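Have a look at the structure below, then the notes.
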Amino acid sequence: MHVPVLLNEMLQLLKPRAGGVYLDGALGAGGYSEAILTASGPDGVVVGLDLDPDAVRRARARLALFGERFRAVQGGFQDAPEILRRFGIHHIDGAVLDLGLSSEQLEAAERGFSFLRSGPLDMRFDPGAPESLADLLDRIPEEELARMIAMYGQEKRSRRIARAILSARVRGELTTTEDLARVIARSVKFGSGRIHPATRTFQALRIAVNRELENLERALEEIPDLLNPGGRFCVLSYHSLEDRRVKHSFRDKASPNRSKWLLVTKKPIRSPEEEIRANPRARSARLRALEAVR
Ligand SMILES: C[S@@+](CC[C@H](N)C(=O)[O-])C[C@H]1O[C@@H](n2cnc3c(N)ncnc32)[C@H](O)[C@@H]1O
């Protein structure tokens, strides 16, 4: 099962309390939701969102013992205000977003997220979303793909990789994630040594397929306005493109208007070495929090 990253640190920042209403915008396996429900007993409420219907189903089963205190909805955190309104919730006492993908998604070959397992070219968090990776590769011009790989993957060899991907696709030699990893590895000949040569491109394609940065920006804009005074918004990001957005958004909110927002984390909270050793996903995690001032 997905092992939550920086769980205790997140709880210390969020400070769930009895009777509070909380948003877990990226439910995953429900590890954060479970901890918030436990800490806000006997009557705190958590609304959990995930684009992935499998995640919603699994979290519902795992957290069924909390009864009415837990609600799971298939939906995006970028639409949180609208979804909460449907439940008659207009204000919350705290929110968390644990970005990226869960171990369940990475390990399910058929979801197409992993270059270590052969699966379809999919990568959608929401399998009902209109465009899979295969659809994207069939419509995108080479220049645009190269730009995307450079920008979202911070990959220097983006032009070469984009050309290799699209020509393999046209030749009918690219139908699985295994093919994709091979085409990328071949096009760059050797990697940087530390990471698999396909790592950055896979990250870039996943961000593009799921519009991850647009969704994050919308959430950063809208979720703070839902907070009751004293409520905190905690965001965990896993790469610099996300973290930069979180940092700037929190800083912009807090600096000109100190009477409304307080930056709780001047610097991001990182995982301790023991956590990184036990859970490699923790290595790149950065946790930041913003508070609605009383
Ligand atoms: C790292 S996991 C969360 C793990 C969770 N904190 C736990 O303890 O189990 C991230 C989850 O966010 C979901 N996700 C990604 N983008 C989303 C979005 N825009 N809205 C809602 N969920 C999203 C993914 O489907 C994935 O299940």
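Worth pointing out:
- Restricting region 38-50 to residues that are within 12 Å of the ligand (Cβ to nearest atom) and without any contact (Cβ under 8 Å) to a residue 40 or more places away in the chain, the residue that is farthest from residue 283 (Cα to Cα): 46
- Members of region 1-37 found to be part of a loop (DSSP other than H, G, I, E, B), in contact (Cβ under 8 Å) with a residue 60 or more places away in the chain and within 13 Å of the ligand (Cβ to nearest atom), listed by number: 1, 2, 3, 4, 5, 6, 25, 26, 28, 29
- The listed residues are 181, 146, and the only one of them that is over 27 Å from residue 76 (Cβ atoms) and either assigned by TED's automatic domain parsing to the domain that holds residue 244 or free of Cβ contacts under 8 Å to residues at least 40 places away in the same chain (or both) turns out to be 146.
- Set side by side, the residues 224, 268, 229 differ, and just one is modelled with pLDDT of 95 or more, farther than 24 Å from residue 81 by Cβ and in contact with a strand residue (DSSP E or B) (Cβ under 6 Å, 6 or more places away or on another chain), which is 268.
- Considering residues of region 71-92 that are in contact with a Lys or Arg (Cβ under 7 Å, 6 or more places away or on another chain) and under 23 Å from residue 18 (Cβ atoms) only, the residue modelled with the highest pLDDT: 72
- Selected residue (only one of 92, 83 is away from the ligand (no atom under 13 Å from the Cβ), under 29 Å from residue 11 (Cα atoms), aliphatic (A, V, I, L, M) and in the same structural domain as residue 233 (by TED's automatic domain parsing)): 92
- Within the span defined as region 206-216, one or more residues are within 22 Å of residue 92 (Cβ to Cβ), touching a helix residue (DSSP H, G or I) at 6+ places or on another chain (Cβ under 7 Å), in a helix (DSSP H, G or I) and at pLDDT 95 or above.
The values are calculated or read from the model by the stated rules, or taken from the named source; none is laboratory data. Bear in mind that the values here come from a model prediction, so they are computed numbers and not experimental data. Methodologically, a virtual Cβ is constructed for each residue, glycine included, from the backbone with ideal geometry; neighbour enumeration extends over all protein chains shown.
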